[in-house]
Each structure stands twice: as C-alpha cells, then as structure tokens.
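Structure first, commentary second.
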Amino acid sequence: MRHYDIYLMEKEVARHYFGQESKLFHLFLEQKKATTEFKAIYEKQIEFITRPISTLQLQQLVGQAFKRNQNYEQFKNTHYLSISQPFSQAELTLNPTMITVTSDGGYEAETIFFEVLRKYNACFFAMDMNDFRFGWLNPIKQVKLI
C-alpha cells in the first residue's frame, strides 16, 4: 500500500526549489514528527509556501476525466479507480490544503490520477512519507542561460 500527500506549491517556491526537492520533503517530514510546541511553526511555514486547492474545480475536472470509465466511482470528495489487468487501484481524496492518494497493486491507477492533476497545475509536489519518496508531478524545466 502506497500513500501520497500532495500539496499545491506557490509558483515561485516551485521554481526556486526545483532540483532541491529534498529540502521541501524534509520540511514536511519535520512537521509530521514535530512536538506540539514546534508543530505550529512548521504549519505556518507550510501554509506560506503552499496554495489552497480549489476542490470544486478539481472535483469537476476528475469527474469529467472519468465520466465514461466503468471502473471509476466517486463519493463526496473521494474518487476511486480500479484496473483489473494488471491489478491496480487508487483512491484520491481532495481537501482544501492537500490531496491524498492511496494505492495498491501496480502503479497504473495512481498514475492516471497524477496525470489529471498534472494537467490542472504544474506545481503539485507529491510525497510518500513511508518510503521517503517525493517529487513534482510535472517537473518544471530549468531555463539554461548561455
């Protein structure tokens, strides 16, 4: 079972931390591990570098992307997708501060959800805290100065 926390980062933060993703990951990791007295400080820092997520807009986008897919279901802010061959299932939950994706089996179902999010905005940053994996859903290309 894989679990991803996905945040919509401010555009300038995404540009500045491209190539330095581990710094962002460690900020979120420290916030998860922090004691009560420091938790509020980390939460303020995270609030400063992230943007609110338009759940209504994303609900419509995800629903539209899968309206003809028989393996897709929606219940309130949670979307379910399953693929039988090879077995892959994923659950995407939309919240105003972050999106969570939980998946099992192959990577196909979660990848399909990631594609929809990637098309919506290029500044989504995904983290799997259990396996210490992280990265942009849509990497921003660095501009080379000659």
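Considering region 83-118, the residues that are among the small types (Gly, Ala, Ser) and either surrounded by fewer than 18 Cβ atoms within 10 Å (Cβ to Cβ) or part of a helix (DSSP H, G or I) (or both) include one that is nearest to the chain's Cα centre (by Cα), namely Ala109. Looking across region 12-24, just one residue is over 17 Å from Glu47 (Cβ atoms) and touching a strand residue (DSSP E or B) at 6+ places or on another chain (Cβ under 7 Å), and that is Glu21.
Would you check if there is a residue in region 52-75 being at pLDDT 90 or above, in contact with a strand residue (DSSP E or B) (Cβ under 8 Å, 6 or more places away or on another chain), of a type in the set (Gly, Ala, Ser) and buried (at least 16 other Cβ atoms within 10 Å of the Cβ)? No: zero hits. Considering the conditions (1) modelled with pLDDT of 95 or more; (2) within 25 Å of Phe113 (Cβ to Cβ), Phe48 is excluded by exactly one of them, (2). Against the numbered list (1) without any contact (Cβ under 8 Å) to a residue 12 or more places away in the chain; (2) within 20 Å of Met127 (Cβ to Cβ), Gln31 comes up short only at (1).
The values are calculated or read from the model by the stated rules, or taken from the named source; none is laboratory data. Computed from a predicted structure; not experimentally measured. Note: ideal-geometry Cβ built from the backbone for every residue, glycine included; neighbour counts use all protein chains shown.
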